[in-house]
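All remarks here apply to the structure that follows.
Just so you know, all these numbers are worked out from the coordinates, no wet-lab data involved. Here the structure is a predicted model, which means the values were calculated and not measured. Glycine gets a Cβ as well: all are built from the backbone with ideal geometry, and neighbour counts include every protein chain shown.
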Amino acid sequence: MTDSPALAASASSRKLAEKPYDFSRKYWLFALPAVIVVLSVIVFPWLFTVFMSVNDWKIGGGMDFVGLDNFRTLIADERFRESLFITIYFTILAVIIPIVLGTVAALVFHREFPFRGLLRTIFVMPMMATPVAVALVWKMMFHPQLGVLNYLLSLVGISPSEWVFSTSTVIPTLVMVEVWHWTPLVMLILLGGLAGMPTEPYESAKIDGANSWQMFRFITLPLLWPYIMIALVIRTIDALKVFDIIFVISEGGPGTASETLNIFLYLQAFQFYKIGYSSAVVVIFFTIIVALSLVLLYVRQKTKWNA
Amino acid sequence: MPVALERLLNRIAFGLSLFVLVSPAILVFFWMLSLSLKNEVDNTAWPPVFIPNPPTLANYVEVFARNNFLLYLWNSIIVTGGAVLFGMLIGVPAGYGIARSKSAKSAVLILIARMTPALSYLIPLFMVFQILGMIGTKSALLITHLVITVPIIVWIMIGYFENIPAELEDAALVDGANTWQSFRHIALPLARPGIVVGGILAFIFSWNNFIFSVVLGGKNTRTLPSAIYNVLTFEQISWGPLAAAALLVTLPVLLLTVIAQREIVAGLSAGGLKDG
């Protein structure tokens with residue numbers, strides 16, 4: 001009983017001491033306008049999509065609750081399953097190749113050499129360029145008779161390719177454009193990783209007589225691994241939702257040979273106006289992306305990868 | 001001697017890999033420029049003509065003369081400019097609020113918003129705009145572009161504000177400043193580099209966006225990327241004007257990349273995940 005005033009005093013003094021640091025409750029006000037915008041143009045569409053996916057929408061405004069019928073039809077839809085397969089095929093190639101090339105590029109641009117800044121800018125340019133604009137140029141380059149690419153192939157004695165005009169070459173060709181477009185992003189992420197690396201392991205490895213491959217394999221690669229994981233997740237998400245270049249270059253064709261999930265989704269929604277059906281596609285798509293984003297966040301926190 | 005030889009071989013291998021890495025980018029941009037500066041005969045010649053001789057600006061003249069290019073340019077400026085401006089006004093304070101209150105949940109929401117495909121917003125927004133009679137208006141496009149600009153600006157600003165030591169502001173708060181004053185006079189000036197990076201990236205991703213304008217843009221309100229796809233490709237199949245238009249569309253972004261190279265590299269390697 002006697003020490004209670006003392007306790008109270010110490011408690012209140014602690015409160016006083018902590019008070020200048022406790023402003024957290026006021027900060028949400030700063031986020032309020034953004035919260036309103038995010039709720040109306042981002043969260044509302046998400047929820048509305050889920051709502052639409054369990055309804056059958058008729059032109060003219062009517063709708064029926066159909067439960068999971070849209071999802072059942074979707075799973076049975078040959079075209080949807082085919083587009084899922086095409087998306088996986090495209091994604092695997094469009095992830096692995098940029099990761100390998102991006103790693104090489106990061107190692108190259110990590111070194112000092114003349115005109116490094118200029119060459120790095122040129123290398124990064126594809127990623128900044130307007131996708132539609134470069135896709136149109138690629139399309140002209142793919143022309144079977146007059147395209148410059150077949151001419152360049154003929155110079156080194158390779159027979160002309162049909163590029164995006166044949167069902168067997170269309171996906172590898174689109175992957176090539178995607179690789180051209182996004183390898184720079186992988187390079188930038190890994191370059192950031194290389195910049196923060198300690199130099200000591202390399203010095204001691206040199207003293208121990210390690211060659212450059214051993215240094216890469218046993219020092220660089222393990223240290224770079226978290227960054228490669230980040231690049232891997234980002235690339236996977238981006239490759240899954242590729243749209244512009246396929247839409248412009250091949251329009252999902254020939255036939256449906258390059259109809260990825262996103263192209264399928266676009267056609268169902270804005271060509272056939274199957275709103276409920278395409279919303280079901282979005283829900284499936286969204287689930288995959290959220291899962292991958294959470295993986296990314298987990299990796300990001302594990303590596304404390306930040307500015 | 002073998003050491004010198006090895007060093008030479010190393011340098012050749014290095015130069016070769018550099019060449020292999022950079023040449024595809026040079027090829028595409030060079031070819032874009034080359035097509036845009038040649039006449040139609042040279043553009044369809046076989047073997048292809050690489051260096052325009054003599055170079056002609058006729059394709060550029062045609063782009064401006066035969067199409068509403070200036071109208072589409074104006075649309076792009078309004079939509080992207082507006083979306084970046086509003087994105088800044090609401091995104092910068094939001095980044096500050098999230099960084100200072102350490103609310104990881106809002107950061108997750110922002111990340112997911114950056115990651116979801118644009119088409120998934122488009123179906124519901126399309127329906128809402130249809131009900132409101134706003135399909136084909138620039139305001140509908142501008143509002144939709146906030147989906148691009150707000151998350152990237154918030155995401156980048158969180159990173160920058162987190163790196164500003166809270167002690168600086170605590171001192172001001174103890175001296176009787178309110179949170180707004182400490183944001184306005186201490187945090188905001190210190191975060192200026194972040195604002196530049198966020199603004200540049202938001203501009204680039206909004207400018208490059210194609211799908212929103214394809215779905216929501218009207219005949220006279222579409223932005224440049226969907227205009228070159230829709231109008232130019234159907235009205236004229238000749239390569240020269242098309243390449244000229246493509247180059248003009250992407251030129252602002254390429255110039256910005258060259259000028260602000262350092263900021264863009266910093267922003268993207270700091271976690272500015274790309275948008276699509």
Exercise. Normalised by the residues of the stretch A:81-303, what does the relative contact order come to in percent, with Cα pairs under 8 Å and at least six apart?
Worked result: 30
Problem set entry | Distance (nanometres) between label positions extended 7 Å along Cα→Cβ at A:Ser204 and B:Thr56 | 6.9
Problem set entry | Given charges at beta-carbon only (K, R positive; D, E negative), |dipole| of the protein assembly as shown in Debye | 660
Seminar exercise, completed: So for R0 = 60 Å, FRET eff. of A:Ile92-B:Leu251 from the Cβ-Cβ r, to 0.05, ends up at 0.95
Exercise. Which residues make up the longest stretch of chain B clear of trypsin sites (Lys or Arg not before Pro) that lie in a DSSP loop with no more than 13 other Cβ atoms within 10 Å, not counting the sites?
Worked result: B:103-218
Exercise. Do the sum for chain A: with -39,500 (n - 2.57) for every DSSP H run of n ≥ 4, divided by all residues, what is the mean residue ellipticity at 222 nm, to the nearest 500 deg cm²/dmol?
Worked result: -22500 deg cm²/dmol
Problem set entry | Contact order normalised by residue count of chain B, Cα under 8 Å, 6+ apart, percent | 29
Exercise. Relative contact order, percent, of the stretch B:1-131 when contacts are C-alpha pairs under 8 Å separated by at least 6 residues?
Worked result: 11
Exercise. In the stretch A:85-121, which chymotrypsin sites (Phe, Trp or Tyr not before Pro) fall in coil by DSSP and have 15 or fewer other Cβ atoms within 10 Å?
Worked result: A:Phe115
Seminar exercise, completed: With a Förster distance of 41 angstrom and the Cβ-Cβ distance between A:Phe113 and A:His143, calculated FRET efficiency to the nearest 0.05 equals 0.70
Exercise. Going from the alpha-carbon gyration tensor of the stretch A:38-164, what semi-axes, largest first and in whole Å, does one get by taking the root of 5 times each eigenvalue?
Worked result: 43, 24, 16
For this session: Sort out the exposed loop trypsin sites (Lys or Arg not before Pro) in chain A (DSSP loop, at most 14 other Cβ within 10 Å) and tell me the longest stretch that has none.
Result: A:112-303
Exercise. Within chain B, which complete DSSP H helices have Cα atoms spanning at least 30 Å along the helix axis and a mean Kyte-Doolittle hydropathy of -0.5 or higher?
Worked result: B:2-36, B:69-101, B:138-162
Exercise. Most exposed first by the Cβ proxy, i.e. fewest other Cβ within 10 Å, how do B:Leu21, B:Leu5, A:Leu146 rank?
Worked result: B:Leu5, A:Leu146, B:Leu21
Exercise. For the stretch A:218-307, what ratio Rg/Rh do Cα atoms give with a Kirkwood hydrodynamic radius?
Worked result: 1.13
Problem set entry | Furthest towards positive pole of dipole, A:Ser278, A:Tyr89, A:Pro222, structure part the stretch A:81-303, Cβ charges | A:Pro222
Exercise. How large, in Å, is the protein assembly as shown by the Kirkwood hydrodynamic radius built from its alpha-carbon pairs?
Worked result: 26.0
For this session: Please say if the stretch B:1-148 is rounded, prolate or oblate, where rounded means a/c under 1.5 for a ≥ b ≥ c the square roots of the C-alpha gyration tensor eigenvalues, and otherwise the choice is prolate for a/b larger than b/c and oblate otherwise?
Result: oblate
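If I require 30 Å or longer along the helix axis, counting alpha carbons, and a Kyte-Doolittle average no lower than 0.5, what helices from chain A are left? Use full DSSP H segments.
A:78-110, A:170-195, A:275-303
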For this session: First check a/c for chain A, with a ≥ b ≥ c the square roots of the eigenvalues of its C-alpha gyration tensor; if it is under 1.5, answer rounded, and if not, answer prolate when a/b is larger than b/c or oblate otherwise.
Result: oblate
For this session: Determine, from the Cβ-Cβ distance of A:Ala195 and A:Tyr273 and an R0 of 56 Å, the FRET efficiency 1/(1 + (r/R0)^6), rounded to the nearest 0.05.
Result: 0.65
Exercise. Using a basic spin-label model with each label point 7 Å from the Cα along Cα→Cβ, how many nm lie between A:Phe218 and B:Gln130?
Worked result: 6.4
For this session: Compute the Cα gyration tensor for chain B, then decide on rounded, prolate or oblate, letting a ≥ b ≥ c be the square roots of its eigenvalues: rounded whenever a/c is under 1.5, prolate when a/b is larger than b/c in the other cases, and oblate in all that remain.
Result: oblate
For this session: Starting from the Cα of B:Ser17, step 7 Å along the direction of its Cβ; do the same at A:Ala291; then give the gap between the two resulting points in nm.
Result: 3.5
